1. Please go through the range 66-88 and pick out each residue that is within 14 Å of ligand 1 (Cβ to nearest atom), assigned to a loop (DSSP other than H, G, I, E, B) and of a type in the set (Ser, Thr, Tyr).
2. Give me the pairs, please: first residue somewhere in the range 61-76 and of a type in the set (Gly, Ala, Ser) and modelled with pLDDT of 95 or more, second residue anywhere and within 10 Å of ligand 1 (Cβ to nearest atom) and assigned to a loop (DSSP other than H, G, I, E, B), beta-carbon distance under 6 Å, and either six or more positions apart or on two chains.
3. Please work out which one of (1) within 16 Å of ligand 2 (Cβ to nearest atom); (2) hydrophobic (A, V, I, L, M, F, W, C); (3) not in a helix (DSSP H, G or I) is the condition Leu146 fails and give its number.
4. With respect to Pro113, is the statement that it is in the same structural domain as Val41 (by TED's automatic domain parsing), out of contact with any helix residue (DSSP H, G or I) (no Cβ under 7 Å at 6 or more places or on another chain) and of a type outside the set (Lys, Arg) true?
5. Is it the case that the range 270-284 has a residue that's in contact with a strand residue (DSSP E or B) (Cβ under 9 Å, 6 or more places away or on another chain), in a loop (DSSP other than H, G, I, E, B) and in contact (Cβ under 8 Å) with a residue 12 or more places away in the chain?
6. Only residues that are more than 9 Å from ligand 1 (Cβ to nearest atom) and among the aliphatic types (A, V, I, L, M): list them for the range 48-64, please.
7. Taking the criterion of being within 15 Å of Ile282 (Cα to Cα), buried (at least 17 other Cβ atoms within 10 Å of the Cβ) and among the polar types (S, T, N, Q), would at least one residue in the range 165-183 satisfy it?
8. For Asp307, which of the numbered conditions (1) surrounded by fewer than 13 Cβ atoms within 10 Å (Cβ to Cβ); (2) in a helix (DSSP H, G or I); (3) more than 16 Å from the chain's Cα centre (by Cα) fails to hold?
Amino acid sequence: MYIKNTWYAAALSKEISRELFPRTIVNEKIVMYRTQSNQVVALEDRCAHRQVPLSRGRLIGDELQCWYHGLRFDCSGQCVSIPSQATIPAAARVRKFPAVEKFGIVWLWIGSPEQADELLIPDHWVCSAPDLAGEMSYCPIHCNYLFGIDNILDISHAAFVHEKTLGSHDVVGTTPEIIIQDDEIRVRRSIRREKTPPMYMKMLQLDYIDRVQDVIYWPIGNTRVETKAHACDDPNGIAFHVYTTTIFTPATDTSSHVFVGMHRDFDVDNQAFTEFTTKQVIATVLEDKEVAESLQENWSPTAPMCDIQLDRAAFEARRILEKKGANAALRAAV
Ligand code: FES
Ligand SMILES: [Fe+2]
């Protein structure tokens, strides 16, 4: 069971145009498009007549015309025209989902529209901060979204899965502090004299660094890794801040949408560098994708599993989700 009365990241703003754009969010088939005045519309991607995907139809102005018998729906989901008859039956409408663009992301509210409150949109301020440089990307992953959250909340996997990109054995060797405040989990590691991981090496040009890394999670699938690094033994020297945002949105029970990007507060005018870090982030996500998808393929809800101490943050995240009404017990990810 999924939490419905919440905002889900459904697309990057740059993905939505005047082309019909289908995407499944928490098992709901949705079609998105922009109106002529640039507003994002999200409707159920299932014609009210015979259920064919409306995303296979076409836009006539701001109205969506089904490709089968030509019924037309306006931006509210109401059928406004049936070519073969003058009257429109009351049932001729499709669901409309509240849609808001914020931080360069399209957010959809899947539950009761009257409860959709824009103030509840997750605060991904780094994605649109004017003094930071970076870019968000999209990656589909064939696994349950809970496996994605588990992955981020135990970042010790970086030493093994991300050997060539983020890998740092100093992260594995550092015991994290777990700070829980309301529905937010923060996993903090303070690492001294760390051999600079390959990706940070290219950014910082320092062989060894001191850094504080906070992995932050809040419902439903919002995460940000905040890294503050500086030259070793120079706590008052220039600090470099790097923010890696990863947002997981359930698609189906065994597939998810991942929105990911790295933003930094140095060398912000260097577009070539932004392209480089974006490629690196995508390479990292593809490494996570490979391990998460093989986990999903291997998953048996009845197979025995042992727990380790670093699982605690992921358990806390699942506890928060369960408290909010999701089916998020360890065995729930099927
Ligand atoms: S199925 Fe859409 S118009 Fe008939
Ligand atoms: Fe990872």
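The values are calculated or read from the model by the stated rules, or taken from the named source; none is laboratory data. Here the structure is a predicted model, which is why all the values come from computation and not from measurement. Virtual Cβ from ideal backbone geometry, glycine too; neighbours counted across all protein chains shown.
1. Tyr68, Ser84
2. Short answer, once both residue conditions are applied: Gly70/Pro83.
3. (3)
4. yes
5. Within the range 270-284, one or more residues are in contact with a strand residue (DSSP E or B) (Cβ under 9 Å, 6 or more places away or on another chain), in a loop (DSSP other than H, G, I, E, B) and in contact (Cβ under 8 Å) with a residue 12 or more places away in the chain.
6. Selection gives Leu59, Ile60, Leu64.
7. Within the range 165-183 (the criterion being within 15 Å of Ile282 (Cα to Cα), buried (at least 17 other Cβ atoms within 10 Å of the Cβ) and among the polar types (S, T, N, Q)), the answer is yes, since at least one residue qualifies.
8. (2)
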